[in-house]
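The values are calculated or read from the model by the stated rules, or taken from the named source; none is laboratory data. This is a predicted model, so every value here is computed, not measured. Quick reminder, even Gly has a Cβ in these numbers, built from the backbone with ideal geometry, and neighbours come from all protein chains shown. Keep in mind that these areas ignore ligands, DNA and RNA; they rest on the heavy atoms of the full protein, side chains included. Shrake-Rupley method; radii C 1.70, N 1.55, O 1.52, S 1.80 Å.
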Amino acid sequence: MQNHLSTPENDSLNCNGRLINLSSPKIMGILNLTPDSFSDGGKFNNEKQALQHAEQMLKEGAEIIDIGPQSTRPGAEFLKAEEEIRRTGKIISLMKKEFPEALVSLDTFYAQTVSFGYNEGIDLINDISGGQYDPEMFDTVARTRLPYILMHVNPGYESMHDKTVFDDITLAVNLYFSEKTAELLEKGVHDIILDPGFGFGKTVEDQMKMMDEVQYLGFRKFPLLIGISRKSFIYKPLGKSPYDINEETQKFHLKVLRQGAKILRVHDVAEAKKTVEGFLKE
């Protein structure tokens, strides 16, 4: 029961010469290398633990592993690119060697970290800043020719979590996407994935509205990535912890899949896999 109104014109990604078909949704498993990430800080910030966790997520059904050397939770420590690179170490190249079929994404807003990751073998770039926190980002992405995940977020690092009240959240996000994708396309970046930025600078009400209107995001030209795993707009209104909202999260996952979402970025891969399988049977 996929909503064909939301099927993007480009339903595939070129990842280092490997064509990835998005006709069925993909799961991106989150691998935080940070000691201060809000939900799993310090668990996977050494090579052995990181590789073990990646292996577990791949076994559970993830096809993409998103490596994050810097936490972007509210109040997190701000790191420079050099520290991101130090934290990442050889994990990317080790992962590519151990799990050659896995796609590796690097979560960073620094062009320097992207260049490092490209040399280590990453397949996708996941930039929460939309190129706004490093003026070299878009040119660097263009040089790598890798798929780029473009997220909607406030324009400054210090303001990324400041709650903005939008007249029309869907219209505002689409205007942002329109401007940024035009800039990327002009630079030769064609494999673009859109992330509406749940959990970043938006009120609970706007995020719920956005959840209802996912099918209208992105002009049906680019695939959509949705990252709602353990986000506070779900658990805080319920008075629950980030770990106790699996049922609610999977209901939202199913809702966005029905509206055409192509990638789910998650902590709990096995549960998301069940949701995707259920969706594909509809």
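General observations
- Matching entry among 277, 282, 247 (being farther than 24 Å from residue 54 by Cα and either out of contact with any Gly (no Cβ under 8 Å at 6 or more places or on another chain) or at pLDDT below 95 (or both)): 282
- Selection status of residue 94, in contact with an Asp or Glu (Cβ under 9 Å, 6 or more places away or on another chain) and either touching a residue at least 60 places away in the same chain (Cβ under 8 Å) or among the polar types (S, T, N, Q) (or both): no
- Residues of the range 123-156 classified as part of a loop (DSSP other than H, G, I, E, B), in contact with a helix residue (DSSP H, G or I) (Cβ under 6 Å, 6 or more places away or on another chain) and buried (at least 16 other Cβ atoms within 10 Å of the Cβ), total: 5
- Only one of the listed residues (248, 271) is under 17 Å from residue 29 (Cα atoms) and without any contact (Cβ under 8 Å) to a residue 60 or more places away in the chain. That residue is 271.
- Residue within the range 112-121 that is open to solvent by 10 Å² or more (accessible area, probe 1.4 Å), outside any strand (DSSP E or B) and of a type in the set (A, V, I, L, M, F, W, C) present: yes
- The range 147-169, residues that are at pLDDT 95 or above and either touching a strand residue (DSSP E or B) at 6+ places or on another chain (Cβ under 9 Å) or closer than 19 Å to residue 263 by Cα (or both): 147, 148, 149, 150, 151, 152, 153, 169
Per-residue answers, yes or no, for (1) under 27 Å from residue 230 (Cα atoms); (2) out of contact with any Lys or Arg (no Cβ under 6 Å at 6 or more places or on another chain); (3) of a type in the set (Asp, Glu):
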| residue | (1), (2), (3) |
| --- | --- |
| 102 | yes, yes, no |
| 115 | no, yes, no |
| 156 | yes, yes, no |
| 163 | yes, yes, no |
| 179 | no, yes, yes |
| 183 | no, yes, yes |
| 192 | yes, yes, no |
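- Selection status of residue 105, outside any helix (DSSP H, G or I), closer than 18 Å to residue 131 by Cα and either open to solvent by 50 Å² or more (accessible area, probe 1.4 Å) or out of contact with any Phe, Trp or Tyr (no Cβ under 8 Å at 6 or more places or on another chain) (or both): yes
- Residues being of a type in the set (Lys, Arg), closer than 22 Å to residue 72 by Cβ and either touching a residue at least 40 places away in the same chain (Cβ under 8 Å) or assigned to a loop (DSSP other than H, G, I, E, B) (or both) - total across the range 213-239: 2
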